[in-house]
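Here is the structure we will look at.
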Amino acid sequence: MIYKFKDELEKKERFVGGHRLCAGCGAGIAVRGVLRALDEGDKAVISNATSCLEVSSFMYPYTSYEDSYIHSAFANAAATCSGSVAAYESMKKKGKISGNFKFITIGGDGGTYDIGFQALSGAMERNTDMVYVCYDNEAYMNTGIQRSSSTPRFADATTSPTGSQSYGKVQNKKDLTEIIASHNVPYVAQTTFMGNFKDLHNKAHKAHYTDGACFLNILSPCPRGWGYEASKLPELCKKAVDTCVWPLYEIENGVWKINYIPKEKLPVEEFLSMQSRFSHMFKAGNEWMIEDAQAYVDMKWDKLLKKANIN
Amino acid sequence: MSIKERMSGNEAVAYAMKQVEPDVMAAFPITPSTEIPQYFSKYLADGQVDTEFIAVESEHSAMSACMGAAASGARATTATSSAGLAYMWEILYVVSASRLPVVMAVVNRALSGPININNDHSDTMGARDSGWIQLYSESNQEAYDNYIQAYSIAEATRLPVMVCQDGFITSHGVSNIELLEDEVVKSFVGTYEPDNYMLKENSPMMAGPFATIPYYMEIKRAQAEAMNTSYNSIENIAKEFAKISGRGCSFFEEFMMEDADCAIVILSSSAGTAKEAVKSLRQEGKRVGLIKLRVFRPFPGKIIADTLKNIKTISVMDKAESFSGMGGPLYSDIKNALYETDEKPSIINYIYGLGGRDIKVEDFISIFNDMLNGTDTKDTYRYIGVRDKRDE
């Protein structure tokens with residue numbers, strides 16, 4: 001299948017405008033991209049964890065979705081979707097329903113890495129035929145930028161603020177993509193918004209049309225939480241990838257593949273310096289923070305290269 | 001033709017579940033309800049039932065999966081006890097507010113603190129304000145009968161229903177039972193055809209919106225209205241069920257209540273013990289009787305007040321403490337219901353049986369004798385069967 005961005009954009013939107021997400025927010029872009037990768041004619045049931053996305057896209061009595069959609073609570077999006085999948089399989093077998101449905105669960109990093117992790121792990125372990133999409137903006141943005149287990153070390157968040165005795169979050173970001181890969185599900189991928197969205201599109205399409213549990217982790221920056229100008233979103237995503245802070249890779253049936261290796265791996269400062277949440281790292285005397293962040297990125301990148309059998 | 005069998009309450013519910021054959025069953029192990037998914041899994045393994053079973057990783061996920069399944073247009077069910085029900089708490093409210101007819105078998109067990117695996121009603125009493133219809137069962141037979149009726153009630157009212165029975169006492173106690181034939185059960189529950197559901201062809205559905213100040217209150221009011229008008233459905237379905245089974249009552253059973261001066265009001269299995277006390281005192285010519293509630297939510301306050309208003313003294317038995325400082329939950333509702341009557345009987349509250357503490361026929365006899373002998377009606381908040389300093 002040859003990917004043509006223009007053709008894709010001409011498809012009927014399944015996530016329509018009028019929602020209340022901020023300008024420069026990654027969540028809506030992630031959802032649009034994932035839903036665009038569904039083949040025309042296929043229907044979808046979207047299960048959404050409580051999140052910025054949920055409160056902004058389904059505020060009674062308005063909706064941004066053309067497909068069926070369910071929100072129940074914060075921790076249970078994957079379990080709710082498991083119920084829908086079971087209903088589909090049961091009712092289809094009994095001839096009660098027709099049509100081809102795809103099941104998509106969407107959560108932010110709080111609803112995925114943290115409070116929704118148990119339900120997610122359960123659904124993955126059961127190899128439930130769904131695509132779980134995490135739009136990862138690296139903190140609890142809906143409640144006011146509290147740190148999550150996805151928040152990177154040194155980030156200034158409201159429950160890990162910088163101060164005279166604090167340099168921001170202490171712990172490194174949880175590697176959820178790798179944890180889900182350890183569930184041995186058929187397809188796991190990490191992506192973000194790059195250029196013509198080909199990487200996101202292909203991964204979402206593969207996830208939709210692979211039987212069993214699939215997981216997409218999409219780095220989805222948040223202008224309020226990260227502190228960047230809305231117009232800088234594409235550049236910021238590109239920097240995340242070119243610095244190897246957020247590598248683009250996939251694990252298909254246990255085989256690790258890096259989808260993009262930067263020609264020149266940029267220093268981590270180029271990503272960090274675009275965001276106010278890391279501004280304290282650039283003050284005199286805090287050079288060690290940048291060195292620490294660089295060392296962590298280098299270590300993770302080297303490990304990833306080894307997993308993908310690249311020397 | 002009914003089938004005479006011997007089985008435990010858990011097996012009876014699992015058997016009813018097999019006969020109803022819901023589309024989705026999701027459950028997580030917990031004592032003492034876990035035999036229900038075990039029996040059901042065996043039916044599945046032997047090809048006797050056509051249901052998707054989800055062995056979820058928690059009760060929170062069990063109720064969530066039921067919500068997802070029900071919103072998708074499926075009949076969905078689960079079973080749980082105690083901490084499992086507590087863990088579902090958040091989603092109980094979402095399911096009822098979403099008006100999804102989920103049916104849940106609850107095997108009552110004490111809530112933890114300290115942990116205890118035996119029977120009391122603290123789990124479901126804690127969930128009494130969650131917008132679920134609650135049916136309580138005295139025996140394995142009633143658990144079976146209530147579980148079958150629960151689908152019809154839930155689908156008629158678009159409210160979820162929990163069917164409660166007492167942990168170990170009836171859930172594990174094996175006794176005689178009359179089962180209906182599969183076709184009779186299937187025809188009683190019929191096929192489930194909701195108006196709207198997520199998998200409806202060419203008709204997407206949205207569930208679980210963010211309801212802001214201009215909308216939330218109307219949604220809650222509509223839910224209350226559904227509960228307020230569910231009495232008719234519960235009663236009609238009970239009457240229809242009586243036609244096929246020859247069994248059952250609508251809201252509560254009146255036991256030897258004709259001309260009674262004193263009565264006990266009680267839920268579930270201890271009613272059987274209390275009935276023995278009533279029979280024995282009646283033989284001595286004492287005018288005593290018993291009311292056993294089947295339906296606790298919605299509370300059948302008006303008709304129960306009508307039945308109780310001419311009783312001189314009533315003892316309300318609560319197998320749960322509510323820590324209100326004013327007695328247990330059943331007592332509060334009975335007293336509330338009787339406030340509107342002119343007669344205003346004296347009402348005593350006994351907290352009993354917490355964490356599986358046994359209550360015997362003699363205990364009920366002493367409760368009746370206290371009432372018959374003119375008990376102190378100002379001392380209304382009592383415990384029975386508990387050791388305390390006054391007994392030393």
Inset, instruction - Could you go through the range A:49-66 in sequence order and give the Karplus-derived ³J(HN,Hα) for each residue, using 6.51 cos²θ - 1.76 cosθ + 1.60 with θ = phi - 60°, rounded to whole Hz, and x for Gly and Pro? - result: 6, 4, 5, 3, 4, 5, 6, 8, 10, 9, 8, 3, x, 10, 9, 9, 9, 8
Inset, instruction - Could you rank the peptides B:337-344, B:188-195 by their average count of other C-beta atoms within 10 Å per residue, with the highest value first? - result: B:188-195, B:337-344
Inset, instruction - Partner chain Cβ atoms within 10 Å, averaged over the residues of A:63-73 - can you pull that number for me? - result: 6
Legend entry - FRET efficiency estimate (nearest 0.05) - Cβ-Cβ, B:THR191 to A:MET299, R0 60 angstrom: 0.50
Inset, instruction - Please say if the range B:41-84 is rounded, prolate or oblate, where rounded means a/c under 1.5 for a ≥ b ≥ c the square roots of the C-alpha gyration tensor eigenvalues, and otherwise the choice is prolate for a/b larger than b/c and oblate otherwise? - result: oblate
Inset, instruction - Arrange the peptides A:285-298, B:74-87, A:98-111 so that the one whose residues have, on average, the most other Cβ atoms within 10 Å appears first. - result: B:74-87, A:98-111, A:285-298
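Of the listed pairs B:LYS239/B:LYS344; A:LYS239/A:LYS303; A:LYS4/A:LYS232; A:LYS11/A:LYS206; A:LYS43/A:LYS300; B:LYS4/B:LYS186, which have alpha-carbon separations greater than 28 Å here?
Where the Cα-Cα span goes over 28 Å, the pairs concerned are B:LYS239/B:LYS344; A:LYS43/A:LYS300.
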Legend entry - Separation of the A:VAL16 and B:ASP376 label points, Cα + 7 Å toward Cβ, nm: 7.1
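Counting DSSP beta bridges with both partners in the range B:252-391, what percentage is antiparallel, nearest 5?
That works out to approximately 15 percent antiparallel.
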Legend entry - Derived scalar couplings ³J(HN,Hα) [the range B:375-385; Karplus, 6.51 cos²θ - 1.76 cosθ + 1.60; whole Hz; x for Gly, Pro]: 5, 6, 7, 8, 8, 9, 10, 10, 10, 10, x
Inset, instruction - Determine, for each peptide in A:9-22, B:100-113, B:59-72, the mean count of other beta carbons within 10 angstrom over its residues, then list the peptides with the highest first. - result: B:59-72, B:100-113, A:9-22
Inset, instruction - Would you please give the residues with an amide H less than 5 Å from that of A:THR243, counting only those at least 5 places away or on a separate chain, with H modeled from the backbone geometry? - result: A:LEU266
Legend entry - Relative contact order of chain B, pairs being alpha-carbon contacts under 8 Å that are 6 or more residues apart, as %: 16
Inset, instruction - Determine ³J(HN,Hα), in whole Hz, for all residues of the range A:103-115 in sequence, where each value follows from phi through the Karplus function 6.51 cos²θ - 1.76 cosθ + 1.60 and θ = phi - 60°; x replaces Gly and Pro. - result: 10, 10, 10, 10, x, x, 5, x, x, 10, 6, 10, 5
Inset, instruction - Just tell me how shielded B:206-218 is by partners: mean number of partner chain Cβ atoms within 10 Å of each residue's Cβ, no decimals. - result: 5
Inset, instruction - If a/c stays under 1.5 just call it rounded; otherwise compare a/b with b/c (prolate if a/b is bigger, oblate if not). Do that for the range B:252-391, with a ≥ b ≥ c from the square roots of the Cα gyration tensor eigenvalues. - result: rounded
Inset, instruction - Express as a percent, rounded to the nearest 5, the fraction of DSSP beta bridges in the protein assembly as shown (both residues included) that run antiparallel. - result: 25
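Under the definition of partner shielding as Cβ atoms of other protein chains within 10 Å of a residue Cβ, what is the mean value for peptide A:119-131?
2
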Inset, instruction - Return the FRET efficiency for the residue pair B:LYS220, A:VAL255: r is the Cβ-Cβ distance, R0 is 35 Å, and the value is rounded to the nearest 0.05. - result: 0.10
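At most 15 other Cβ atoms within 10 Å and a DSSP loop assignment: could you name the GluC sites (Glu not before Pro) in the range B:135-184 that fit?
When the GluC sites (Glu not before Pro) of the range B:135-184 are filtered for loop state and at most 15 Cβ neighbours within 10 Å, B:GLU181 remain.
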Inset, instruction - Work from the charge dipole of the range B:252-391 (Cβ charges, +1 for Lys and Arg, -1 for Asp and Glu, about the Cα centre) and give the residue of B:VAL288, B:GLY385, B:VAL278 farthest towards its positive end. - result: B:GLY385
Legend entry - Equivalent ellipsoid dimensions for the range A:13-307 as semi-axes, Å, which come from the Cα gyration tensor, largest first: 32, 21, 17
Inset, instruction - Would you order A:TYR228, A:TYR113, B:TYR215, B:TYR136 from fewest to most other beta-carbon atoms within 10 Å of each residue's own beta-carbon? - result: B:TYR215, A:TYR228, A:TYR113, B:TYR136
Legend entry - Charge dipole magnitude, Cβ of K and R +1, D and E -1 - the range B:252-391, Cα centre, debye nearest 20: 240
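All of the numbers you see were taken from the coordinates with simple rules; none came from a lab. This structure is a prediction, so every number in the text was calculated from the model and none was measured. Positions of Cβ are backbone-derived with ideal geometry, glycine not excepted, and every protein chain shown enters the neighbour counts.
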